[in-house]
């Protein structure tokens, strides 16, 4: 529900407030907005009267916002930016809109991207814009409407759609090991490669095999793709998701470091803030993802 109209200022007054806060004077704000200085002053006065709050510290030689006015201007800037983005998306995609999706690089490139053509074919009016992230972020601070998350349900303030478990395999270059090992503890004799965002993955893997391993050290990487290349070049053994490892194994660039089936470490989710839950592009994307997961389970 939208607040009563008395709490909804005009776009013009918010633009004036934002410009004064950003530029520091009514004259600079007037030039920036192609208005007169008196027009800027009128907009600010109307806003103060509507809010019944002083926004300008008038005892200052230089125009300066009150602390409350500065905070309000900051909120207004974020809202105006989101409104401008929504307008741009509407003009660019009047038939279906767009979805700004933040992805994990390895999952996005190796699992999602090869399948996205199917979504585009089913929904030609929806544009999917991709950006990458490593760690959870604030949806309020960016333009993403949804994101791919790996691990557990530890991203605060979002809703979750479980996608799939993350199955991992220990892999290495063929010249690092003459043949796959048979005992999990034997991997401790070799350099282990670690991912910065989940540095305890090896400890989890050894724990699932009843091997005591704590405070493991080794090369650290911020992306799975970089860690994969390090493994290919013989720098150590990497724990890679199956959708990434299997292609490298098939190409002969990597091999299993130990015989055995994949193990599960964490889960992939689609996450989004509650206010975007009913966005048409996001709803269609969620439904499409569910169809993809069901098809792979069959």
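The values are calculated or read from the model by the stated rules, or taken from the named source; none is laboratory data. All values reported here derive from a predicted model rather than from experimental measurement. Using ideal geometry, Cβ is built from the backbone for each residue, glycine included, and neighbour counts are taken over all protein chains shown.
Here are some notes:
- Set 222, 278: member being at negative phi, in the same structural domain as residue 149 (by TED's automatic domain parsing) and surrounded by fewer than 17 Cβ atoms within 10 Å (Cβ to Cβ): 278
- Test for residue 51: is it surrounded by 15 or more Cβ atoms within 10 Å (Cβ to Cβ), over 27 Å from the mean Cα position of the chain (by Cα) and modelled with pLDDT under 85: no
- Check on residue 99, part of a strand (DSSP E or B), touching a strand residue (DSSP E or B) at 6+ places or on another chain (Cβ under 7 Å) and at pLDDT 90 or above: yes
- Sole residue being on the phi < 0 side of the Ramachandran plot and assigned to a strand (DSSP E or B), chosen from 240, 235: 240
- Options 194, 198; residue that is in contact (Cβ under 8 Å) with a residue 24 or more places away in the chain, under 28 Å from the mean Cα position of the chain (by Cα) and either in the same structural domain as residue 287 (by TED's automatic domain parsing) or buried (at least 18 other Cβ atoms within 10 Å of the Cβ) (or both): 194
- Search result, residues across the stretch 157-182 that are more than 31 Å from the chain's Cα centre (by Cα) and either surrounded by 16 or more Cβ atoms within 10 Å (Cβ to Cβ) or in contact (Cβ under 8 Å) with a residue 24 or more places away in the chain (or both): 173, 174, 175, 176, 177, 180, 181, 182
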